[in-house]
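Down below is the structure, laid out as structure tokens.
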Amino acid sequence: MGLGASHDGLAPTPPMGWNSWNRFGPFVSDQLVRETSDAMIESGMRDAGYRYVVIDDAWEGSLRGDDGHLQPNLWRFPDMRALAAYVHDRGLRFGLYTCAGDRTCQGYPGSHGRESLDARRFASWDVDFMKIDWCHATGLDARLAYTTWSEAIRATGRPIVLSICEWGRNRPWEWAGTVGHLWRTSHDIADRWDSLIDILDRQEALAPYAGPDHWNDPDMLEVGNGGMTDAEYRAHFSLWAILAAPLMAGNDLRSMTDATRAILTAPEVIAIDQDPLGRQGRRVRQENGVEVWARELSGGARGVLLLNRGETAARVEVTWDCVGGSRSDVAFVRDLWERQDVGRRSEGYDVTLQPHSAALLKATRDNSPRA
Ligand code: GLA
């Protein structure tokens, strides 16, 4: 349903990258962005598919310049264009934030009424990704405001991914597919399990609206920020993969633990997120705190997520009729975290999961003759 941001091919799969906000809030600087770009490479994140390095709110100076242009806080960002070049030289892409309202959420100058001027400014800094927020936007029509942005960006002639951030307030899934490449569906994530689950429950009905160049965005990742266990972070990452969510790391890439790095770079989990068919997963079973989510993959296989959201260990079962097959099917099962084949399974598969944890599988219908 819905066309992508004019099908321009800028986000054929959900964008992957890093954003400063979840870990650093307003404490952003040229140095942080350079060090993060280096860490993207050293940690293996770039090789795993992460591309965008996005500076969120608080890069701005307190006032526009005399020429009306937005200007950075020059103490912390002495030369945006040089910073973009640093990022680009490392095979990465450069992203920046502004707000569609009169001020940003941190109180810096917003872009309302200056969309063309600001879009040209961002293009002149070689920006590849714009996140446009929605604070201090009272009285504005979201669809119109973001369409103005979309047109202003297009008029620059520079390919720029447009990330819409109005928190799902105006049902963006119904109109944003032709306006931007991704849109936030819900409020800000926090580094806690209950926040994750609360966001998850708001995604279920939105699956039909996503696809290549137009993605639902349940918000940036908290993996590695310290508020959850590694098992919870694996569940978080698995859920974002089954949801075809943008994967924007939100932690300090310069000092990740090995466990955090292993989660963020898990190749077979990322492959589910980045599956070229672009079908967002749906909840296919829900009962007593255990759930099964599934998405169709290119080639006809299924990504299957088994989730225990409860407080005690629980058995979670998927049967093949829940994921588009029938009970009599035999499927070949692979565990994508363990990166191991589980083998052929008739009817379905089950596993016992600890509280707040998930398993992620790939199930491929087995056509070989029965033994
Ligand atoms: C809003 C957005 C966040 C972040 C902050 C910055 O809350 O939803 O993702 O950009 O503003 O101030």
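How about segment 1-105: which helices (runs of 4 or more DSSP H) wholly inside it have at least 1 residues that are away from the ligand (no atom under 16 Å from the Cβ)? Quick ask: steps written out before the conclusion?
Details: elements: 21-24, 30-42, 45-48, 80-89.
Because the criterion is at least 1 residues that are away from the ligand (no atom under 16 Å from the Cβ), the helices (runs of 4 or more DSSP H) in segment 1-105 that meet it are 30-42, 45-48, 80-89.
Pairing residues of segment 173-186 that are farther than 10 Å from Asp219 by Cα and without any contact (Cβ under 8 Å) to a residue 60 or more places away in the chain with residues that are within 16 Å of the ligand (Cβ to nearest atom) and among the acidic types (Asp, Glu), at Cβ distances under 9 Å and at least 6 apart in sequence or on separate chains, gives Ala176/Glu166.
Against the definition (more than 14 Å from the ligand (Cβ to nearest atom) and farther than 30 Å from Ala235 by Cα), how does Asp118 come out, yes or no?
On the way: more than 14 Å from the ligand (Cβ to nearest atom): yes; farther than 30 Å from Ala235 by Cα: yes.
Here the answer is yes, as Asp118 does meet what is asked.
So, in segment 261-302, exactly how many residues are within 21 Å of Asn225 (Cα to Cα), over 17 Å from the mean Cα position of the chain (by Cα) and crowded, with 21+ Cβ neighbours inside 10 Å? Residues that pass the stated criteria total 0. For segment 174-188, what are the residues that are within 14 Å of the ligand (Cβ to nearest atom) and surrounded by fewer than 21 Cβ atoms within 10 Å (Cβ to Cβ)? Answer for segment 174-188, where residues must be within 14 Å of the ligand (Cβ to nearest atom) and surrounded by fewer than 21 Cβ atoms within 10 Å (Cβ to Cβ): Ser186, His187, Asp188.
Selection of segment 200-223 for residues being among the hydrophobic types (A, V, I, L, M, F, W, C), under 25 Å from Leu140 (Cβ atoms) and either within 12 Å of the ligand (Cβ to nearest atom) or surrounded by fewer than 19 Cβ atoms within 10 Å (Cβ to Cβ) (or both) yields only Met220.
Restricting attention to segment 159-173 and to residues that are buried (at least 16 other Cβ atoms within 10 Å of the Cβ) and in a loop (DSSP other than H, G, I, E, B), the residue that is farthest from the ligand (Cβ to nearest atom) turns out to be Ile160.
Within segment 134-150, identify whether any single residue is in a strand (DSSP E or B), buried (at least 16 other Cβ atoms within 10 Å of the Cβ) and within 16 Å of the ligand (Cβ to nearest atom), and answer yes or no. No, every residue in segment 134-150 fails to be in a strand (DSSP E or B), buried (at least 16 other Cβ atoms within 10 Å of the Cβ) and within 16 Å of the ligand (Cβ to nearest atom).
Taken together, the values in this text are just the output of simple stated rules run on the coordinates, not laboratory data. These figures come from a predicted structure and were not determined experimentally. Neighbour counts run over all protein chains shown; Cβ positions are idealised from the backbone, glycine included.
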